[in-house]
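Here is the structure we will look at, set down as structure tokens.
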Amino acid sequence: MYTERGQNNMSKSNNGSAIKKKKHGGIVELKSKYGYICVSPWIFGLIVFFILPIFQSFYFSFCDVVLTTGGLKTSFLLFENFKYAFAEEPNFTDYLGMSVGKFAYSFPIIIILSMILAMLLDQKFKGRTFFRSLYFLPVIIASGVILGTILGDTNVASQSNTDASVASEMINVGQIIEWAGLPDTISMYFQSAVAGIMNLIWNCGIQIVLFISGMQSIPDLYHEVAKVEGATAWEEFWFVTFPSLSRVTVLVAIFTMVELMTSQTDKVIKLAYTYMQSQSYGQSSAMLWIYFAIIGLIMAIVLLAYNQFCAKKWD
Amino acid sequence: MGLKGEIEMLQKVLDFIKPNNSDPSEFLKRYKAKKRILGFLIAVFRILVLSAIGYVVIYPMLSMISVSFKSLADFSDPSVLWIPKHFTLAHYENARIALNLFTCFKNTILYEVVAAVIEIIVCSFVAYGLARFDFKGKNLLMFMLILIILVPDQMIIIPKVVNYSNLDFLGILGLINKLFDTSIRINILNTGLAFYLPSMFAVGLRSGIIIFIYTQFYKGLPKELEEAAWIDGAGLFKTYTQIALPSSGVVITTVSIFAVIWHWNDYYLAVMYMNVTDKWPLAVRLSDIGNQLAITLAIWGGDRGVAATNAACVFFVLPVLIMYIFLQRRFVKSIDRVGITG
């Protein structure tokens, strides 16, 4: 029966060609309409709740927006909001510099630290599950709201409003420095360094989990080959583990960037939110767009540099 | 005698300087001893480093608990470090009043957790379509997925608030208003719909990452079962609910923990959607705890303020912590099997 059909087609086709013309692209194309069914609510959501607001936000940053009871009144001013953000708002450029600087140094350190911790946690030893759960705890506990509250960003007057307060309670560096007889400036430096390290470690939780999962998907074969060929642990890391982690590293980098940008203790976003809550939407839109444009530029540079220099192009 | 004796002496000196490695059993013994000592040192080093960093990690939690139980006398007592001498629950009482605990807790569950559950369900369906089917425009959608992960919520929150205060898809309502000279206005701020509506269309809080995790998982599922179901005549929904969903217990555990944690800790969205203090979820209320302590209890900072703040933080963290403690074994195992990393 099967061959009969084939022969029939061959005899019916024009030009006597032996190739049967396909009417559709096969089962894959026939099933594509199911793909559309699955994805359709998401497409609607993307258009209404994502793409449209992005354009609106861009438009708002050029206007003076007033929300009246009748609706929305926008009056177009060209670069007024941007000029206001840079020139007249006293804190904006300071906060911008601080935030961008903090982002610039936190980003590589978090990735490297997470990789090191994941290497330590990947080996089999007795307390492994306990330590893994421990390192994931900051994701739950030291979330934005809690960190902001503990580090004194609320109106609780007696707490000093710096990271250094918690750091100084934790490891009393000041006393050690005094005991060692070093001058006071070194003590301040150490306190801020310890505070910075604490902040970085609290931001590492999910990245460690992702790295561990990436490391466990490296086949044992590679490690055995490395051992047979006599590689030391250092060489094994750089030639076996690290290249296989390139995809995970991109994932972790994207995740870290998003978390750092939108963290609770970010001063630029707080400033923009105070403007938002006092209903001056245009100015806060402008501020947010400036901030995210700068960070987006840094992200794009990092990703392009990574593509050029590090990513091996064999898939 | 001379030459042989000298050769023996030379042999002895050489043996002294460089031990005879050609003897296999002795080499093995030395190798094993070296490995054992090195392994022990590495284990000690590892435990030290992990414990040191673990101390940094867990310090806020321990400090929160310890401070919240201290009585006022213990604050000025320099000999009390971690364990307070007089336990008191007064700070918890203050925190409960300042936080308006039951109302805010109910708000959080009603708004955020329900939105999280809706998001988990809808995103899995969307990701199944993205992972299993090939259709025109799929590359564009994958690009939009990455875009939706990268663009932070704060950038689009203002237009969203403006849109929600006057909800109008495609201008239909404005058209109706003009034609029939009515003034209907849908305002979904301060209601739950502001949370549910985006989640129902899979663009809620951090839903890009959730869709991504699901997509990676579904790509890793073997196709044979689903193809068998298609051949046997199951349609889209039957295949999805009978084959794909039961196999995805692992990824649903992972995604639920992430989604609930993110929604529970959500501050930026809730503070803009809810203007009325009574409808605030717990996260927003906690971030304003200084004001609330002053308003409701006339505590203006100081030791009582600090202790009450810490007690409030413990209240905030406790439900999520309990959920995590119950699910953590499954979660730590499931992360390995989800295959996020492809």
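Going by the alpha-carbon gyration tensor, a ≥ b ≥ c the square roots of its eigenvalues, is region B:164-267 rounded (a/c under 1.5) or, if a/c is not under 1.5, prolate (a/b greater than b/c) versus oblate? It comes out oblate by the Cα gyration axes. Here region B:40-183 is treated with +1 on each Lys and Arg Cβ and -1 on each Asp and Glu Cβ, and its dipole about the Cα centre works out to around 320 debye. Rolling a 1.4 Å probe across all protein chains gives A:Y189 an accessible area of roughly 150 Å². Per-residue accessible area (protein heavy atoms, 1.4 Å probe) orders A:T129, B:T309, B:T88 as A:T129, B:T88, B:T309, starting from the largest. Here the dipole of the protein assembly as shown is about 2220 debye; that uses its Cα centre as origin and unit charges on the Cβ of Lys and Arg (positive) and Asp and Glu (negative).
Rounded to the nearest 0.05, what FRET efficiency is calculated for B:L321 and B:D23 with R0 set to 60 Å and r the Cβ-Cβ distance? Could the numbers behind the result be given before it?
Details: r = 59 Å, r/R0 = 0.98.
Efficiency computed from Cβ-Cβ geometry: 0.55.
Most mobile of B:A90, B:A270, B:A43 per a Gaussian network model of chain B (Cα springs, under 10 Å)? Between B:A90, B:A270, B:A43, it is B:A43 that shows the largest mean-square fluctuation. In order along region B:253-266, the phi-based Karplus estimate (6.51 cos²θ - 1.76 cosθ + 1.60, θ = phi - 60°) of 3J(HN,Hα) comes to 4, 4, 5, 5, 4, 4, 5, 5, 4, 5, 6, 5, 8, 6 Hz; Gly and Pro are listed as x.
When B:H91, B:H86 are compared by accessible surface with a 1.4 Å probe, the order from highest to lowest is B:H86, B:H91.
Based on alpha-carbon centroids, what's the gap between region B:160-217 and region A:114-137 in Å, whole number please? If we compute the Cα centre of each part, the gap is 42 Å.
Distances between placed amide hydrogens fall under 5 Å for A:L77 paired with A:C63, A:D64, all partners being 5 or more residues away or on another chain. Measuring heavy-atom accessible area with a 1.4 angstrom probe and counting protein chains only, the residues of region B:20-69 that give up at least 50 Å² relative to the chain alone are B:R46, B:L50, B:I53, B:V56, B:V57, B:Y59, B:P60. By the equivalent-ellipsoid construction on the alpha carbon gyration tensor, region B:80-207 comes out with semi-axes of 39, 26, 13 Å, ordered largest to smallest. Working from label points 7 Å from Cα in the Cα-to-Cβ sense, the B:K35 to A:F58 distance is 6.2 nm.
Calculated accessible area for region B:1-98 comes out at 75 Å² per residue, all protein chains present (probe 1.4 Å; ligands, DNA, RNA ignored). Can you bin the protein assembly as shown into rounded, prolate or oblate? Criterion: square roots of the alpha carbon gyration tensor eigenvalues sorted a ≥ b ≥ c, rounded for a/c under 1.5, prolate for a/b above b/c, oblate for the rest. Because a/c hits 1.5 or more and a/b fails to exceed b/c, the protein assembly as shown counts as oblate. Based on Cα contacts under 8 Å between residues 6+ apart, chain B shows a relative contact order of 28 percent. Remark: region A:181-289 carries 46 Å² of accessible area per residue (probe radius 1.4 Å; ligands, DNA and RNA excluded).
Dipole orientation for the protein assembly as shown: of the candidates B:Y55, B:V203, B:I83, B:V203 has the Cα lying most toward the positive pole (charges on Cβ; Lys, Arg +1; Asp, Glu -1). If you run the Gaussian network model on chain B, springs between alpha carbon atoms under 10 Å, then out of B:L197, B:L41, B:L286 the most flexible one is B:L41. Charges were assigned to the Cβ only: +1 to each Lys and Arg, -1 to each Asp and Glu. The resulting dipole of region B:196-342 about its Cα centre is roughly 200 debye. Summed over both chains, the accessible area lost when A and B associate is about 8600 Å², using a 1.4 Å probe.
Take each residue in A:50-61, count the other chain C-beta atoms within 10 Å of its C-beta, and the mean is 5. Of the residues A:I197, A:T185, B:A244, the one whose Cα sits farthest towards the positive end of the charge dipole of the protein assembly as shown is B:A244 (charges of +1 on Lys and Arg Cβ, -1 on Asp and Glu Cβ, taken about the Cα centre). With respect to the cross-link table entries A:K270/B:K279; B:K136/B:K223; B:K85/B:K106; A:K23/B:K136, which display a Cα-Cα separation exceeding 23 Å? Beyond 23 Å between Cα atoms: B:K85/B:K106. Per-residue 3J(HN,Hα) values for region A:122-131, derived from phi via the Karplus relation 6.51 cos²θ - 1.76 cosθ + 1.60 with θ = phi - 60°, read 7, 6, 8, 9, 5, x, 5, 5, 4, 5 Hz in sequence order (x marks Gly and Pro).
For the cross-link pairs B:K4/B:K29; A:K126/A:K227; A:K102/B:K70; A:K124/B:K35; A:K33/B:K178; A:K267/B:K160, which exceed 27 Å when the distance is taken from alpha carbon to alpha carbon? Result: B:K4/B:K29; A:K102/B:K70; A:K33/B:K178 exceed 27 Å. Each of B:I184 and B:L225 was given a label point 7 Å from its Cα along the Cα-to-Cβ line. The distance between the two points is 4.6 nm. Residue by residue, region B:281-291 carries 3J(HN,Hα) couplings of x, 5, 5, 5, 5, 5, 6, 10, 5, x, 4 Hz when phi is fed to the Karplus relation 6.51 cos²θ - 1.76 cosθ + 1.60 (θ = phi - 60°); x denotes Gly or Pro.
For the set A:V252, B:V49, the ranking by accessible area, highest first and with no ligand, DNA or RNA atoms included, is B:V49, A:V252 under a 1.4 Å probe.
Farthest towards the positive end of the charge dipole of the protein assembly as shown, among the residues B:F133, B:F258, A:I140, is the Cα of B:F133, using unit charges on the Cβ of Lys, Arg, Asp and Glu. Annotation: A:R247 carries an accessible surface of approximately 150 Å², with a 1.4 Å probe and no ligand, DNA or RNA atoms counted.
Partner shielding of A:128-134 amounts to 5, given as the average count of beta-carbon atoms from other chains within 10 Å of each residue beta-carbon.
Over chain B, the reciprocal of the mean inverse Cα-Cα separation, the Kirkwood hydrodynamic radius, stands at 25.8 Å. The GNM of chain B, with springs linking C-alpha atoms under 10 angstrom apart, assigns the highest mean-square fluctuation among B:S63, B:S25, B:S76 to B:S25.
In this simple spin-label model, placing a label point 7 Å from the Cα along the Cα-to-Cβ direction at both A:Q279 and A:I301 gives a separation of 4.1 nm.
Across peptide A:115-125, the average count of Cβ atoms from other chains found within 10 Å of a residue's Cβ is 2.
The values are calculated or read from the model by the stated rules, or taken from the named source; none is laboratory data. This one's a predicted model, so the numbers in the text were calculated from it and none came from an experiment. Cβ atoms come from the backbone with ideal geometry, glycine included; neighbour counts cover every protein chain shown. Each accessible area value is taken on the protein alone, full model and side chains, heavy atoms only, with ligands, DNA and RNA left out. Shrake-Rupley method; radii C 1.70, N 1.55, O 1.52, S 1.80 Å.
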